[in-house]
Amino acid sequence: MRVVTLKERPDLTDAMLHMEAEWPPYIAPEPMLIGWAFDRYSQHQIVVVDDDDTVVARAASVPFSWDGSVDSLPDNGWDAALKLSMMDTYDGRPLTTLCALEVAVVPGKRARNLSAFTLAAVADNARDHGYRDVVVPVRPSAKHHEPHVPMTEYAARTRDDGLPTDPWLRVHVRAGAQVLKVCPVSMTISGSLAQWRAWTGLPFDTSGPVVVPGALTPVRADVVHDHAVYLEPNVWVRHPLTERHAR
C-alpha cells in the first residue's frame, strides 16, 4: 500500500471522489465546499493506492482554528467543520487542528486493516504539517442498526476490555483517540418527499419519524408541508499528536 496526497497526485482526484464507499445516497456533501477543500488543501486529501495504482481508501481533511476546549467543538460537527475551515482560512486565524471529514475504505478491503492504516496516515499528515491535534466527527459504523437509541447512550457503550462497542469508534480509540462528546446535529439533510422517495425507495406518505436504511436516527417527515429532515448525530473524537505512527 502507498499513501499519497492529491497535491502529489492530482491525477487521482476523480478516482478519489468516485471511489466506492458506503455512504447512503441521501448524504451528498455540497460540491462547492468539497471543491474548495480539495483545491485549497490538496495536501490534506489522502489517497491509499495498491500495487496497481488502484484507489482502495481515502481520507478528506481540512484545518481550522481550535482552542482545545471540548465546549468549543461545534454541535453541528461535519457541517460546521468545512465552514469553519473556510472562515478561519480567509480571516487569517492560526490553523491549529486538522479535522478529518471522512476516512473510507473500499468495501471488501477492510479485512486488510486499511481503516486503521488510513487513519494513521491522517495523523502523520497532520503531524508533518505542524498541527497539534486531529479531530473527527465520527459516524459510528453500527449505529444505523439501532436508530431509536440516543447517540449519547450508544457512544458510551463499552466492551469488557473497556473499548467502545461500536467498531469504528473502537478503531479510533485503539489509535489513541479520546471520545469527547456527541455532536447532535452534525449533518442536516432536508428534501422534498419526492426526493426522499427517490433516495430510499420508501413511500414517505405519513407524517412522523421514518426509519431509513443507513440512517443513524429516524428521518422526520411532514406530509402537509411536503418535506422531510434528517438530523444526523456524530461523535467528536480527538487524536492528540505525539510521536509518529509506524506504518
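The values are calculated or read from the model by the stated rules, or taken from the named source; none is laboratory data. None of the values given here were measured: they were computed from a predicted structure. For neighbour counting, all protein chains shown are included, and Cβ atoms are generated from backbone atoms with ideal geometry for every residue, glycine included. Just the protein is used for accessible areas: all its heavy atoms, side chains included, with ligands, DNA and RNA removed. Shrake-Rupley method; radii C 1.70, N 1.55, O 1.52, S 1.80 Å.
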Report summary line: Listed by first then second residue, the pairs whose first member lies in the range 220-234 and is more than 30 Å from ALA142 (Cβ to Cβ), whose partner is among the β-branched types (Val, Ile, Thr) and modelled with pLDDT of 95 or more, with beta carbons under 8 Å and at least 6 positions apart or on separate chains, are VAL223/THR206
Report summary line: Being assigned to a loop (DSSP other than H, G, I, E, B) and either open to solvent by 50 Å² or more (accessible area, probe 1.4 Å) or at pLDDT 95 or above (or both) narrows VAL179, VAL149, VAL134 down to just VAL149
Query raised in the report: In the range 159-209, how many residues are farther than 18 Å from LEU73 by Cβ and in contact with a Gly (Cβ under 8 Å, 6 or more places away or on another chain)?
Result: 1
Report task. Restricting attention to the range 1-58, report how many residues are of a type in the set (Asp, Glu) and open to solvent by less than 50 Å² (accessible area, probe 1.4 Å). Result -> 1
**Report entry** Some residue of the range 155-168 being over 24 Å from PHE117 (Cβ atoms), among the hydrophobic types (A, V, I, L, M, F, W, C) and surrounded by fewer than 20 Cβ atoms within 10 Å (Cβ to Cβ)
**Finding:** yes
Requested in this report: Check the range 221-229 and report whether any residue there is open to solvent by 20 Å² or more (accessible area, probe 1.4 Å), over 21 Å from LEU169 (Cβ atoms) and modelled with pLDDT under 95.
Outcome: no
Report summary line: Taking first residues from the range 180-205 that are on the phi < 0 side of the Ramachandran plot and among the hydrophobic types (A, V, I, L, M, F, W, C) and second residues anywhere that are part of a strand (DSSP E or B) and surrounded by fewer than 16 Cβ atoms within 10 Å (Cβ to Cβ), the pairs with Cβ under 9 Å that are 6 or more apart or on different chains are ILE189/VAL229; LEU193/ASP222
Query raised in the report: Could you give every pair whose Cβ atoms fall below 8 Å, whose first residue belongs to the range 155-169 and is closer than 22 Å to PRO184 by Cβ, and whose second residue is assigned to a helix (DSSP H, G or I) and among the β-branched types (Val, Ile, Thr), counting only separations of at least 6 or pairs across chains?
Result: PRO164/VAL173
Requested in this report: Would you mention how many residues in the range 182-214 are out of contact with any Leu (no Cβ under 7 Å at 6 or more places or on another chain), open to solvent by less than 80 Å² (accessible area, probe 1.4 Å), of a type in the set (S, T, N, Q) and outside any loop (DSSP other than H, G, I, E, B)?
Outcome: 3
Query raised in the report: Inside the range 33-49, can you point out the residues that are over 15 Å from ALA21 (Cβ atoms) and among the β-branched types (Val, Ile, Thr)?
Result: VAL49
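Every residue, every condition in (1) in contact with an Asp or Glu (Cβ under 9 Å, 6 or more places away or on another chain); (2) among the small types (Gly, Ala, Ser); (3) open to solvent by less than 10 Å² (accessible area, probe 1.4 Å), yes or no:
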residue: ASP71; (1), (2), (3): no, no, no
residue: LEU82; (1), (2), (3): yes, no, yes
residue: GLY92; (1), (2), (3): no, yes, no
residue: ASN113; (1), (2), (3): no, no, no
residue: VAL122; (1), (2), (3): no, no, yes
residue: ASP128; (1), (2), (3): no, no, no
